[in-house]
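One structure below.
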Amino acid sequence: MEDLSAEDLAIPPIKYEYLDHTADVQLHAWGETLEEAFEQCAMAMFGYMTDLDKVEMKEIHHLEAEGHDLQSLLFHFLDELLFMFSAEHFLVARKVKITEFDVENFKIKAMALGEEFTLGKHPQGTEVKAITYSAMQIYDRPVNERPEVFVIIDI
């Protein structure tokens with residue numbers, strides 16, 4: 001694994017929850033910045049798949065996403081991470097860190113730190129089939145309030 005700083009390897013605090021939704025699940029994530037809210041939403045998705053406390057940061061995967069507005073950017077960011085899980089030998093991320101967050105051109109560069117999902121080591125949660133635009137909400141709040149996002153995932 002490439003050289004990473006102690007900050008890169010620090011486990012982020014949990015700033016997300018799961019809200020009931022008919023036949024799907026709604027991810028609600030927040031952060032000090034919109035960037036952190038996006039990262040937390042990604043962690044919520046992986047946390048729904050397995051217990052993240054059992055995932056070690058052994059591998060790193062770099063990804064890029066872009067959209068035409070904030071909603072499509074969030075959609076494509078999560079979709080890239082879901083594709084990573086499906087295509088990269090079931091790489092489940094313990095941490096997702098956005099390294100470039102361009103809200104003017106709607107582009108993200110990020111790294112996902114984790115390991116291959118292994119039954120026996122990682123409890124099997126619910127399979128995430130797809131990210132949806134349904135009821136997606138992004139609130140980039142003023143400094144005194146936290147930015148938050150809501151995303152429904154198809155399970």
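Assorted remarks:
- Enumeration of residues in the stretch 12-33 that are open to solvent by 70 Å² or more (accessible area, probe 1.4 Å) and within 19 Å of Gly114 (Cα to Cα): Pro13, Ile14
- Test: residue in the stretch 62-73 that is touching a strand residue (DSSP E or B) at 6+ places or on another chain (Cβ under 8 Å) and within 21 Å of Ile155 (Cβ to Cβ): yes
- Scanning the stretch 34-62 for residues that are touching a residue at least 60 places away in the same chain (Cβ under 8 Å) and open to solvent by 70 Å² or more (accessible area, probe 1.4 Å) yields one hit, Lys54.
- Count of residues meeting criterion [more than 19 Å from Ala44 (Cα to Cα) and open to solvent by less than 60 Å² (accessible area, probe 1.4 Å)] in the stretch 102-121: 2
- Scanning the stretch 23-60 for residues that are assigned to a loop (DSSP other than H, G, I, E, B) and not β-branched (Val, Ile, Thr), we see that the one that is farthest from the chain's Cα centre (by Cα) is Ala23.
- The strands (runs of 3 or more DSSP E) located wholly in the stretch 61-155 include none with 2 or more residues which are of a type in the set (Asp, Glu) and more than 22 Å from Pro12 (Cβ to Cβ).
- Residue match in the stretch 75-91 (condition: among the acidic types (Asp, Glu), closer than 16 Å to Ile155 by Cβ, open to solvent by 10 Å² or more (accessible area, probe 1.4 Å) and under 12 Å from the mean Cα position of the chain (by Cα)): yes
- Of the residues screened, Gln124 is one that is polar (S, T, N, Q) and either more than 27 Å from Leu4 (Cβ to Cβ) or open to solvent by 30 Å² or more (accessible area, probe 1.4 Å) (or both).
- Residue within the stretch 35-52 that is on the phi < 0 side of the Ramachandran plot, modelled with pLDDT of 95 or more and in contact with a Lys or Arg (Cβ under 6 Å, 6 or more places away or on another chain) present: yes
The values are calculated or read from the model by the stated rules, or taken from the named source; none is laboratory data. Only a predicted model underlies this, so the values are computations on that prediction, with no experimental measurement involved. All Cβ positions, glycine included, derive from the backbone under ideal geometry; neighbour counts span all protein chains shown. In case anyone asks, the SASA skips ligands and DNA or RNA and just uses the protein heavy atoms, side chains included. Shrake-Rupley method; radii C 1.70, N 1.55, O 1.52, S 1.80 Å.
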